[in-house]
Amino acid sequence: MQTKLFERFNFVVFISAFALITFGLLAIYSATYGNELVSGNFTKQLISACIGILIVLAIMYTPPKYLSMSSYLFYGLVILLLIAVLFLGKKIKGQTSWFSIAGFGIQPSEFAKVATVMALAFFLSNKHQDADVTKPRDFFFAVGICIIPVVLIMLQPDMGTTLVFLFLLLPVLYWAGMPNYIMFFIIAPAITAVCAFLGTWYFVAAVLFIIAMMLLFKRNILISVVIVCISIASGLSVNMVYSKLQPYQQKRIMSMFNPESDPLGAGYNVIQSKIAIGSGGLTGKGFLQGTQTQLKYIPEQWTDFIFCMVGEEFGFIGSIAVVLLFLILIWQTIHIAYICKNQFLSICCIGFATIFSFHILINLGMIMGIMPVIGIPLPFMSYGVSFLLSNLIMLGIILNAYRNRKDYV
């Protein structure tokens, strides 16, 4: 009996996730300690975590066919909520992204991540539709599944969440069978755009790299020339796109390269987070003993900058422990995707691993000052009822994939 339990339940994934939640709860308690305005955040997060455990177990034991069959229904419901929140939602800091229900803020865009991955997985794994991502019709249908929530979220506006959707699409399509050369064709313009922003010589190097890759792939000469031209045009348009950004967005990007250029504005959080993490040393200052965090130098440190609490109060050892837990969780999720015979669940796992990876890389990059501050929270740790519940829904599906990894249906 015990052997059978271990065979169908991935304790490594489960324990890793809930260890991260525990770290998050400790950090949220410390971040809100003595702050009466947000003193209820810890309780809300704790309640959400408890409810989340039930959600995880319920999803884990749900037959996979019911999960796949409900994908489009869940997706359609989320799209309706994204439309409704534009008219009925609560506006916070210029964004209309939340419904306020019984004192809890519900953010449909967080659930849209899960629903979009499930809808993509259902479409790409549906044997009756015989979907093939190399066919233009199926490719654009898959892109459309992702673009619809992107457009609605941009209207809120929420640039950080929008980027998550754009980032998750390519790994999902690749896992579903998209060839390497098509993947490169898609990302080539983005490569030149980033390099053009860094400088002229970076841009020239990127163009030469893309030309070399076109020769390596040995595709149709006309297609190769078109891809190179599109990539060059993408790089040349960077300055124009940058000039169209809002001033606060430009400051965030510039503060990524030089936080001291705006120490009291866009660069303030980054500077304070570096001080907090650096002051933690090897073992940290102790729970509730952080100076930067307890003196509230970092605004809303219980959300996007929650890792500062870990760095200052638990030190290098605590920070490394958190990073290792994330690496274990992502590695296990990808491994489950690889061994799972159910294509729907396999694609879901890759989508969720991509979402977790993007959030972790951008969030930690923000804190270290190597990424722009774009409002990306840390999975399982940052405060947010909708964010935590959506993460736990993903966790439930991952555990479901492991439980049914040997079944094709």
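Evaluation of Leu325 against the conditions (1) surrounded by fewer than 24 Cβ atoms within 10 Å (Cβ to Cβ); (2) modelled with pLDDT under 95 shows that the sole unmet condition is (2).
State whether one or more residues within region 29-50 are in a loop (DSSP other than H, G, I, E, B), surrounded by 14 or more Cβ atoms within 10 Å (Cβ to Cβ) and at pLDDT 85 or above. Checking region 29-50: not a single residue is in a loop (DSSP other than H, G, I, E, B), surrounded by 14 or more Cβ atoms within 10 Å (Cβ to Cβ) and at pLDDT 85 or above. Within region 69-79, the set of residues being in a helix (DSSP H, G or I) and more than 22 Å from the chain's Cα centre (by Cα) comprises Met69, Leu73.
Pairs linking a residue in region 291-309 that is basic (Lys, Arg) to a residue that is modelled with pLDDT under 85 and assigned to a loop (DSSP other than H, G, I, E, B), with Cβ atoms under 9 Å and 6 or more positions apart or on different chains, are Lys296/Gly34; Lys296/Asn35.
Only residues that are over 12 Å from Ser273 (Cα atoms), at pLDDT 75 or above and polar (S, T, N, Q) were counted across region 286-311, and they come to 2. Is it the case that Ile350 is in contact with a Cys (Cβ under 6 Å, 6 or more places away or on another chain) and in the same structural domain as Gly24 (by TED's automatic domain parsing)? In short, no. Contact annotation: residue pairs with Cβ atoms under 8 Å, 6 or more positions apart or on different chains, pairing a residue in region 387-398 that is in the same structural domain as Ile360 (by TED's automatic domain parsing) and farther than 13 Å from Ile355 by Cα with a partner that is part of a helix (DSSP H, G or I) and among the acidic types (Asp, Glu), are Leu389/Glu110.
None of Phe358, Phe352 is modelled with pLDDT under 95 and aromatic (Phe, Trp, Tyr) except Phe358. Only a single criterion out of (1) of a type in the set (Gly, Ala, Ser); (2) assigned to a loop (DSSP other than H, G, I, E, B); (3) in contact with a Phe, Trp or Tyr (Cβ under 8 Å, 6 or more places away or on another chain) is not satisfied by Gly177, namely (3). Just so you know, in region 104-118 the residues that are in a strand (DSSP E or B) and not small (Gly, Ala, Ser) include one that is nearest to Ala84 (Cα to Cα), and it is Ile106. As for region 45-67, it holds no residue that is under 23 Å from the mean Cα position of the chain (by Cα) and under 21 Å from Phe167 (Cβ atoms).
The values are calculated or read from the model by the stated rules, or taken from the named source; none is laboratory data. Note that this is a predicted model, so its numbers are computed, not measured. Positions of Cβ are backbone-derived with ideal geometry, glycine not excepted, and every protein chain shown enters the neighbour counts.
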